[in-house]
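Presented below is the structure to which this report refers.
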Amino acid sequence: MASINRMRVLLPAVVLVAMVIAGLGAGYYFASATITSTASFPVTWSVRPLDIKFSVVHSFSGSAPDSFTCSPSVSPVTLLVSSSQPDIISITVSPTSFSSCGSTPDNIVVTAACTLAHQDSSCEGDQYTGQILVCGPSSYTCLQRALVVNVAVTTNPH
């Protein structure tokens, strides 16, 4: 008889725990499905890869324009930039975000520059690369087809 009373006391707690686990599992599944489906928006770049070349004789930076479209549309979008050797070459983009990305091209300017510690001939080389990602409404939704940026730095004044 004592075990039946014990079961009556524990049964509501067991049911509550089971419902919480089921609820969390379903919530996790739907969050994952949303992230996966929005991460598939393709991006099309007008110039790919983008090449930037500059001479340290004239300046310590160079820029190049590019544009991109998204299909289907997504909004808002933010651009994430990385450099293969950020201690030597920095890569920036302007502007860094757009209210939306769709069939109308979003224009950007990509700038590569020697970092302060390397504003001399030690910045010379053509082994530098970078990457620009278009990310959707959250950092979990970076879109396919990153823009590769190739950077070449010379000491040639021409």
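The values are calculated or read from the model by the stated rules, or taken from the named source; none is laboratory data. A quick note: this is a predicted structure, and the numbers were derived from the prediction, not measured. Cβ sites come from the backbone with ideal geometry, for glycine too, and all protein chains shown count toward neighbours. Remember, those area values only see protein heavy atoms, side chains included, never the ligands or the DNA or RNA. Shrake-Rupley method; radii C 1.70, N 1.55, O 1.52, S 1.80 Å.
Could you check segment 97-123 and list, in sequence order, the residues that are at pLDDT 95 or above and of a type in the set (Asp, Glu)?
Scanning segment 97-123 gives a single hit, Asp106.
Whether any residue in segment 76-96 is out of contact with any Phe, Trp or Tyr (no Cβ under 7 Å at 6 or more places or on another chain), over 30 Å from Ser122 (Cβ atoms) and modelled with pLDDT of 90 or more is what I want to check.
yes
Do you know which residues across segment 40-78 are part of a loop (DSSP other than H, G, I, E, B), free of Cβ contacts under 8 Å to residues at least 60 places away in the same chain and among the small types (Gly, Ala, Ser)?
Correct list: Ser46, Ser59, Ser71, Ser73.
List pairs: first in segment 108-122 and within 28 Å of Val47 (Cα to Cα) and among the charged types (D, E, K, R), second in a strand (DSSP E or B) and open to solvent by less than 40 Å² (accessible area, probe 1.4 Å), Cβ under 8 Å, 6+ apart or cross-chain?
Filtered contacts from segment 108-122: no entries.
Quick one: which strands (runs of 3 or more DSSP E) lie wholly within segment 98-158 and hold at least 1 residues that are open to solvent by 20 Å² or more (accessible area, probe 1.4 Å), under 25 Å from Ser61 (Cα atoms) and in contact with a Lys or Arg (Cβ under 7 Å, 6 or more places away or on another chain)?
Qualifying strands (runs of 3 or more DSSP E): 147-154.
Please determine, by comparing only the residues of segment 79-97 that are in a strand (DSSP E or B), open to solvent by less than 60 Å² (accessible area, probe 1.4 Å) and in contact (Cβ under 8 Å) with a residue 40 or more places away in the chain, which one is nearest to Tyr140 (Cα to Cα).
It comes out as Leu79.
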